[in-house]
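Undergrad: Dropping a structure here in structure tokens format, bear with me for questions.
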Amino acid sequence: MELPSIHAPNGLSESDRKRAITVGPSRRSQIRTEPSSSFNAGSYAPAPDIEMMAIDDMEESRMISDIVASSRSETDFSASDEMELDRHILQTSTVALQGNVSYLIIDTNFILSQLLILDELKTIGERYGIVIVIPIQVVRELDGLKGSENRASNEQGGLLDIGKLARRANDWIFSCLAQRCPTVKGQGLKEKIDRYATKDDAILDCCLYYKEEYKHTLQILFSNDKNLCLKALMNDVLTISFHKDMSAQLIAEKIYQENMMRFGYIDPNSVASVEVEVPSPVHAQSPEQITESIYAEILKVACHIVGLYMRAEYGDDISLIRDYDANSTVSLEDAVMVIIRFWRPVFSQSLRGGEPFEEHHGRSTPIMVDPPRSAHDLLQFVDFWESLLLKLYEKNSRLDGLEVIQIHAKKWKDLAHSLVAAEH
């Protein structure tokens, strides 16, 4: 039986166009059809609001897919680690998800064009056993696209800002992971079959890994890429592509029905093989490890933001600046030395009164750049860098991602306070 898809040889019938996904081979249902209420991966605090834009026009969605496809063909993002998933999130333990579980593997073009639908699926996902999976390749491609200046014109004369869409998607992913959302996870570094797969093959590999590793779960690729969807269908992975008037509720219902059709009702108490990553508890790390982890994260964020500030200020002319290379900024001292060098033209307006340096005999010396030696030093260190990083974001309207920095800063401060409390 041919799998219904807009990319199938005969396309979709009129009735199938109203459906987000169709079921597999006919089978007499002997199970209950209500979604299970037992799917629960723990408590979850909703992420801060992120501005989202509904793109419900087929032409706009197609243009986004074309831009992503062009970027994917021209650029190799496989070696980019600039936006790898946060270390705190990747150091994980496992918990069992129970009942009928469906993994939704998301392509870059879909998260760019349909972030609102994904956010709604995230919200209702627990009821339907849904886990949204963000492949590593997508994380890397979003990182490459967030600085894109590509703009596509729609039929109404408006412009789609690909860079802005990528930054929104980036913020959404990090917010979900940092807030421990049980229905969104990132592909683990070891969750691969072919470690050398790149581009759309890397996304297909993510689908096939979950299909191979978790036998009694459903995998569905969300993509508007025709060729990738065909590859998925050839490997017995269902696909969903954007069509007008699709809704998160309809998608969730059809996915749940398909899962039940294939596997029947799975007793929540009988399944212990499906796992999801969650942040490691604080008590699993020593104070020294926590301090090192926080220092490494602040170092990475600070170097990244200083680089963003320089690019925002100088644009394409940044390559003309003598003796400046963003890739050479690898320590907190390096980052502060960039701030000192470009204090007046770039950083003074944002950081005046909170300088990360001291003046001695007309010479500027970096401060707060060494690893903290005690819990109280760590708390002081976190307070200083939290204030500095937030000032940089708040004072520059050209930078997106303030919510993500706020989430990380809260985590750093909570961990530092926990170490101070443990000393008393």
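The values are calculated or read from the model by the stated rules, or taken from the named source; none is laboratory data. Here the structure is a predicted model, which means the values were calculated and not measured. Virtual Cβ from ideal backbone geometry, glycine too; neighbours counted across all protein chains shown.
Undergrad: In the range 244-253, what count of residues is obtained for those that are more than 24 Å from GLN187 (Cα to Cα) and either outside any loop (DSSP other than H, G, I, E, B) or modelled with pLDDT of 90 or more (or both)? It would help to see each step written out before you state the result.
TA: Pass one, the range 244-253, residues more than 24 Å from GLN187 (Cα to Cα): 244-247, 249-250, 253.
Retained after the next criterion (residues that are either outside any loop (DSSP other than H, G, I, E, B) or modelled with pLDDT of 90 or more (or both)): 247, 249-250, 253.
Count: 4.
Undergrad: Filter the range 156-203 down to the residues that are among the β-branched types (Val, Ile, Thr) and surrounded by 21 or more Cβ atoms within 10 Å (Cβ to Cβ), then identify the one that is farthest from the chain's Cα centre (by Cα). Spell out how you get there, then give the answer.
TA: Filtering the range 156-203 down to residues among the β-branched types (Val, Ile, Thr) leaves 162, 173, 183-184, 193, 198, 203.
Restricting the remaining residues to those that are surrounded by 21 or more Cβ atoms within 10 Å (Cβ to Cβ) gives 162, 173, 183-184, 203.
Values: ILE162: 16, ILE173: 3, THR183: 13, VAL184: 9, ILE203: 14 Å.
Only one residue tops the list, namely ILE162.
Undergrad: Let me ask something else. Residues that are closer than 26 Å to LEU165 by Cβ and not hydroxyl-bearing (Ser, Thr, Tyr): find the helices (runs of 4 or more DSSP H) completely inside the range 310-424 holding 2 or more of those. So that I can check it myself, show each step before the final result.
TA: Values: elements: 332-341, 348-351, 375-394, 402-423.
Output list reads 375-394, 402-423.
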